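The values are calculated or read from the model by the stated rules, or taken from the named source; none is laboratory data. The structure presented is a predicted model; accordingly, all values stated were derived computationally and were not measured. Here Cβ is always computed from backbone atoms with ideal geometry, including for glycine, and neighbour counts include all displayed protein chains.
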Amino acid sequence: MINMELRASDATLGYPEEMMTGPFKPTWPSLQQYATPDWFRNAKFGIWAHWGPQCQPENGDWYAREMYMEGNHHYNFHLKKYGHPSVFGFKDVINEWKAELWDPESLLSLYKDAGAKYFVALANHHDNLDLYQSKYQPAWNSVKVGPRKDVIGGWAKAARKQDIRFGVSVHAAHTWSWMETAQRADKTGPFAGVPYDGKVTRKDGKGKWWDGMDPQDLYAQNHPLSENSYDDGMIHRQWNWGNGVTPPSKAYCDKFLNRTIDLINRYDPDLLYFDDTALPLWPASDAGLKIAAHYYNRSIQQKGALDVVINGKILDEQQRKCMVWDIERGQSNNSEPLPWQTCTCIGAWHYDRGIYDRHGYKSAGTVVQTLVDVVSKNGNLLLSIPVRGNGTIDEDERMIVEEIGRWMKANGESIFDTRPWKIFGEGPAMEQSAPLSAQGFNEGKGKEFTEQDIRFVVKGNVLYATAMRWPENGKLTIKSLAAGNELYAREISKVTLVASDSVLSFKRTENGLEVELPERKEFGYAVALRIV
């Protein structure tokens with residue numbers, strides 16, 4: 001029997017939130033005991049609501065940072081819509097966000113119909129607003145400002161009503177350096193030299209809507225700028241808390257730790273996604289290690305087993321044993337020995353009206369092809385569907401989600417509960433794949449999929465082979481299943497089309513398994529075959 005206990009609050013250590021102790025210690029060697037739970041390995045497909053106050057302007061990603069970058073498209077948009085950022089800062093954008101049409105139950109019902117087995121909600125972004133009833137961010141959370149709603153609580157209740165796993169994504173560790181742009185001022189024009197609102201404090205709010213609240217609890221800018229902070233791209237090179245970043249203070253790290261432990265204890269998520277190199281604040285602080293150990297120990301204590309998942313990015317070989325590796329907007333080019341995940345979006349992470357206006361979202365076919373490719377390599381796909389500031393998704397997004405759902409209902413057998421085969425696939429796309437860059441970002445850089453690109457998975461004695469496109473002539477050749485190929489030495493007795501259960505004519509030659517397909521019905525992509 002594993003000895004588990006809660007460590008009493010110890011304010012002298014700076015950890016007033018109760019921390020669970022147990023077999024996992026806050027060290028990398030100890031976290032290597034981790035094993036990915038079967039629910040995640042079987043789930044394969046999740047949907048993400050990367051939704052917060054930066055969606056209110058409907059102008060795309062990283063609004064809260066780039067609205068303070070003179071000349072940037074977000075700055076220009078903000079100037080026109082809201083006014084100068086010395087007068088109307090991001091705190092004021094939060095005040096505009098009301099989420100008045102948000103219906104989490106309706107959206108979660110739609111996502112479950114689309115085949116999602118888990119759902120992830122944004123708990124905070126680099127803008128530092130907690131989207132839940134936060135004990136350690138008491139003024140700057142979505143219950144107290146903006147929509148005045150418990151966003152995480154609402155998502156969690158809806159997900160559990162649909163009986164799908166619930167996760168949260170946590171990004172706020174980077175506010176310290178990410179929001180340094182708010183300390184700037186215009187270099188030209190009528191506001192030249194006038195500081196933006198990044199350094200304002202409680203005393204500056206007298207008579208304003210935020211009277212009595214300290215914006216530094218949100219912006220966290222009471223510190224010197226990092227080296228080369230005026231280089232707008234420097235944030236990427238300092239993401240791992242190196243290369244001249246101003247070290248985060250102990251108070252900042254302790255607050256992040258307590259906020260995240262509170263989030264875990266209050267909402268009991270099945271998955272915790274970190275937008276960090278390895279774990280949050282590592283190696284500047286061990287806060288991320290403490291969070292991971294608490295989360296794993298808590299799962300064992302409350303569920304009797306390690307039943308939770310942590311996602312982290314840019315992991316070394318040791319760290320990949322401690323959590324589930326996440327690749328942002330990209331795919332591994334190999335079948336990975338350990339489960340992993342790709343996170344991507346049909347548009348921008350934060351809602352961008354311009355993408356909708358030009359009908360620029362990824363198609364359902366592209367999403368499904370990505371899913372098939374990722375699953376063949378022992379991975380999961382976490383797909384973000386951008387949510388508007390008012391809490392709704394647009395009609396283009398709904399059509400894409402519904403089409404994914406139709407494909408899943410017809411072909412999900414070839415996705416869910418499967419495991420990698422001896423090889424993940426064949427075809428020209430894998431021969432001309434693009435390498436990963438930083439945390440991913442090789443999406444769309446490789447060769448476009450054709451009917452020659454096949455991906456494999458297994459479930460028991462069944463082999464599933466999915467052609468990425470429907471061949472125009474209705475004939476499909478799978479080279480890896482040629483007669484005499486040791487990859488599949490036994491006889492093939494039956495080939496069926498998963499979507500319709502149609503039994504297909506086939507022959508096995510030295511060129512491959514040659515299959516005759518029926519007349520194409522709905523989908524011209526991801527043709528799944530069941531082979532026994």
Expected single match for without any contact (Cβ under 8 Å) to a residue 24 or more places away in the chain and within 22 Å of His171 (Cβ to Cβ) among His78, His126 is His78
Might you check whether a residue that is touching a Gly at 6+ places or on another chain (Cβ under 6 Å), at positive phi and not charged (D, E, K, R) occurs anywhere in region 104-118? yes
Within region 489-520, restricting to residues that are in a loop (DSSP other than H, G, I, E, B) and among the aliphatic types (A, V, I, L, M), the one that is farthest from Asn473 (Cα to Cα) is Ala489
Does Thr496 fit the bill of being more than 26 Å from Gln331 (Cβ to Cβ), polar (S, T, N, Q) and either surrounded by fewer than 19 Cβ atoms within 10 Å (Cβ to Cβ) or modelled with pLDDT of 95 or more (or both)? yes
Screening Val503, Val458 for residues that are modelled with pLDDT of 95 or more, surrounded by fewer than 18 Cβ atoms within 10 Å (Cβ to Cβ) and within 18 Å of Gln369 (Cα to Cα) leaves only Val458
Given the structure, is Ile314 of a type outside the set (Ser, Thr, Tyr) and more than 27 Å from Asp417 (Cβ to Cβ)? yes
Grab the helices (runs of 4 or more DSSP H) fully contained in region 198-300, keeping just those with 2 or more residues being modelled with pLDDT of 95 or more and crowded, with 22+ Cβ neighbours inside 10 Å. 216-219, 250-267
Counting only residues in region 326-344 that are surrounded by 22 or more Cβ atoms within 10 Å (Cβ to Cβ) and of a type in the set (A, V, I, L, M, F, W, C), the one farthest from Phe40 (Cα to Cα) is identified as Ile327
Evaluate the following for Lys98: is it of a type outside the set (Val, Ile, Thr) and out of contact with any helix residue (DSSP H, G or I) (no Cβ under 6 Å at 6 or more places or on another chain)? yes
Qualifying residues in region 98-148 (those that are in contact with a Ser or Thr (Cβ under 9 Å, 6 or more places away or on another chain) and of a type in the set (Asp, Glu)) - the one surrounded by the fewest Cβ atoms within 10 Å (Cβ to Cβ): Asp103
Yes or no: region 268-286 includes at least one residue that is within 20 Å of Pro138 (Cα to Cα) and either out of contact with any His (no Cβ under 9 Å at 6 or more places or on another chain) or assigned by TED's automatic domain parsing to the domain that holds Trp140 (or both). yes
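Per-residue answers, yes or no, for (1) touching a Gly at 6+ places or on another chain (Cβ under 8 Å); (2) over 30 Å from Glu96 (Cβ atoms); (3) of a type outside the set (Lys, Arg):
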{"residue": "Thr27", "(1), (2), (3)": "no, yes, yes"}
{"residue": "Asp38", "(1), (2), (3)": "no, yes, yes"}
{"residue": "Asn42", "(1), (2), (3)": "no, yes, yes"}
{"residue": "Glu58", "(1), (2), (3)": "yes, no, yes"}
{"residue": "Ala64", "(1), (2), (3)": "no, no, yes"}
Can you name every residue in region 506-524 that is under 27 Å from Met408 (Cβ atoms) and loosely packed, with under 15 Cβ neighbours inside 10 Å? Glu516, Pro518, Glu519, Arg520, Lys521, Glu522, Gly524
Count - residues of region 149-184 that are among the β-branched types (Val, Ile, Thr) and surrounded by fewer than 22 Cβ atoms within 10 Å (Cβ to Cβ): 1
Can you say whether Lys303 is in the same structural domain as Pro53 (by TED's automatic domain parsing), basic (Lys, Arg) and surrounded by 18 or more Cβ atoms within 10 Å (Cβ to Cβ), as far as the supplied structure shows? no
Before we move on, is Glu472 farther than 18 Å from Gly425 by Cα, loosely packed, with under 13 Cβ neighbours inside 10 Å and under 37 Å from the mean Cα position of the chain (by Cα)? yes
Answer from Thr27, Thr36, Thr12 - the residue that is at pLDDT below 95 and either under 27 Å from the mean Cα position of the chain (by Cα) or of a type outside the set (A, V, I, L, M) (or both): Thr12
Report, by residue number, each residue of region 185-196 that is surrounded by 15 or more Cβ atoms within 10 Å (Cβ to Cβ) and either in contact with a helix residue (DSSP H, G or I) (Cβ under 7 Å, 6 or more places away or on another chain) or in a loop (DSSP other than H, G, I, E, B) (or both). Asp186, Phe191, Tyr196
Looking at (1) in contact with an Asp or Glu (Cβ under 7 Å, 6 or more places away or on another chain); (2) part of a helix (DSSP H, G or I); (3) under 20 Å from Ser106 (Cα atoms), which is the one condition that is false for Arg388? (2)
From the list Thr450, Thr477, Thr466, which one is out of contact with any Gly (no Cβ under 8 Å at 6 or more places or on another chain) and either surrounded by fewer than 14 Cβ atoms within 10 Å (Cβ to Cβ) or among the hydroxyl-bearing types (Ser, Thr, Tyr) (or both)? Thr466
When region 338-366 is checked residue by residue, the ones that are over 16 Å from the mean Cα position of the chain (by Cα) and polar (S, T, N, Q) are Ser363, Thr366
